[in-house]
1. Report yes if Val67 is in the same structural domain as Val157 (by TED's automatic domain parsing) and in a strand (DSSP E or B), otherwise no.
2. Using the structure shown, decide if Leu96 is hydrophobic (A, V, I, L, M, F, W, C), touching a residue at least 40 places away in the same chain (Cβ under 8 Å) and surrounded by fewer than 22 Cβ atoms within 10 Å (Cβ to Cβ).
3. Here is a list: Trp287, Trp308. Which entry is in contact (Cβ under 8 Å) with a residue 12 or more places away in the chain and touching a Gly at 6+ places or on another chain (Cβ under 8 Å)?
4. Condition test on Ala218, is it under 21 Å from Ile78 (Cβ atoms) and not assigned by TED's automatic domain parsing to the domain that holds Ile100?
5. Could you list all residues from segment 130-150 that are within 17 Å of Phe164 (Cβ to Cβ) and surrounded by 15 or more Cβ atoms within 10 Å (Cβ to Cβ)?
6. Taking the options Glu310, Glu344, name whichever one is in the same structural domain as Ala46 (by TED's automatic domain parsing), modelled with pLDDT under 90 and either part of a loop (DSSP other than H, G, I, E, B) or over 20 Å from Ala58 (Cβ atoms) (or both).
7. Looking at (1) in a strand (DSSP E or B); (2) without any contact (Cβ under 8 Å) to a residue 60 or more places away in the chain; (3) more than 23 Å from Arg241 (Cβ to Cβ), which is the only condition Glu295 fails?
8. When the residues of segment 158-178 are filtered to those that are buried (at least 19 other Cβ atoms within 10 Å of the Cβ) and at pLDDT 95 or above, which remaining residue is nearest to Ala131 (Cα to Cα)?
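The values are calculated or read from the model by the stated rules, or taken from the named source; none is laboratory data. Quick caveat, the model's predicted, so the values are computed rather than measured. All Cβ positions, glycine included, derive from the backbone under ideal geometry; neighbour counts span all protein chains shown.
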Amino acid sequence: MTAVVDRAAPGRLEFVLPPELEAHEPPEVRGAGRDDVRLLVSVGEAPPVHARFGELAAFLDPGDLLVVNTSGTVPASIDGTAPTGEPVEVHLSTELPTGIWLVELRTPDSPASRPGRGDHTGTTLTLAGGATLDVLARLRGSHRLWLGVMHTPGATVLEHLERFGRPIRYRHVPRDWPISAYQTVFAAEPGSAEMPSAARPFTPELVTRLVARGIGVAPIVLHTGVSSLEGDEMPYPERYRVDPATAGRVNDARRRGGRIIAAGTTVVRALESAAATDGTVEPSDGWTDLVIRPERAIRVVDGLLTGWHEPEATHLWMLEAIAGLPALDLAYRAALEAGYEWHEFGDTHLILPDPVRPARAD
């Protein structure tokens with residue numbers, strides 16, 4: 001199985017993801033540790049290196065700074081009923097500054113759910129635990145997302161979800177897992193509809209090894225929304241925060257010649273949203289609608305730790321901006337041929353800068 005560059009759609013890789021390469025359960029179920037998933041290491045157009053995630057420290061240098069997302073996953077899926085009596089599965093994605101929520105409405109199915117295509121405009125859904133959702137309208141430009149107002153008497157929305165919700169899952173995960181399976185070791189502030197999964201394989205022991213090697217670890221927050229967008233849908237705004245301490249550490253590491261390694265595409269989006277044109281990172285707290293495409297120069301990030309993305313994912317634009325299309329094609333060919341696993345419980349990919357091709361614009 002190979003990845004082929006799709007010349008009709010610049011910046012995209014075209015490949016078929018075999019069902020057997022979809023990770024269906026956490027690796028712990030197989031008796032493995034979180035950090036025992038596979039790690040493919042890409043350095044420019046050199047042949048990729050196959051390793052285990054627990055060996056990550058060997059591929060980073062003293063003085064590098066690993067930036068992680070400390071957003072915690074919430075049980076953002078909740079059962080509901082339409083006025084017609086039909087069941088609806090509601091995925092709460094993102095709360096906008098106005099208090100209106102972006103939600104995804106799905107028709108329950110077995111073993112998972114499928115996107116609902118009906119028109120819910122102007123309806124009120126009854127949710128588990130006595131909450132309701134007033135559906136206002138479909139989000140402009142989206143096939144799946146709606147605008148809605150949540151009513152959770154006697155509790156905040158997050159409190160209500162803690163009692164009556166469950167983690168969002170899709171067809172490749174055939175059964176429910178507890179919310180603990182969707183938390184990273186860095187999770188500190190609940191707010192993500194779906195797990196910032198690039199950091200899932202980290203363990204406290206691995207973090208200790210990184211720090212002992214002289215590799216710094218700094219936090220940002222970006223609360224992720226649902227990831228089940230279709231191929232022609234653009235990412236929507238998400239809430240993020242880069243605090244003064246992290247901004248200072250990123251700038252200091254860059255001055256000293258250290259590399260900035262983002263643990264996940266969410267971290268790239270946050271750091272690049274907080275960056276000036278010269279790459280200096282400023283403290284920032286707000287909403288970002290930044291979509292990183294190959295034609296946009298990367299200003300801060302040198303390397304990226306990420307999962308494996310489906311062929312229509314807009315995340316591949318970001319990966320191309322960091323790695324370059326030839327290197328990305330090489331990595332995906334290697335991963336498919338070696339049987340790497342996709343999705344949130346799957347294997348990982350470390351993209352490091354090519355010494356002859358700067359990853360960022362200095």
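1. no
2. Here the answer is yes, as Leu96 does meet what is asked.
3. Trp308
4. No: the conditions fail for Ala218.
5. Those that are within 17 Å of Phe164 (Cβ to Cβ) and surrounded by 15 or more Cβ atoms within 10 Å (Cβ to Cβ): Ala131, Thr132, Leu133, Gly148, Met150.
6. Glu310
7. Among (1) in a strand (DSSP E or B); (2) without any contact (Cβ under 8 Å) to a residue 60 or more places away in the chain; (3) more than 23 Å from Arg241 (Cβ to Cβ), Glu295 violates only (1).
8. This residue is His160.
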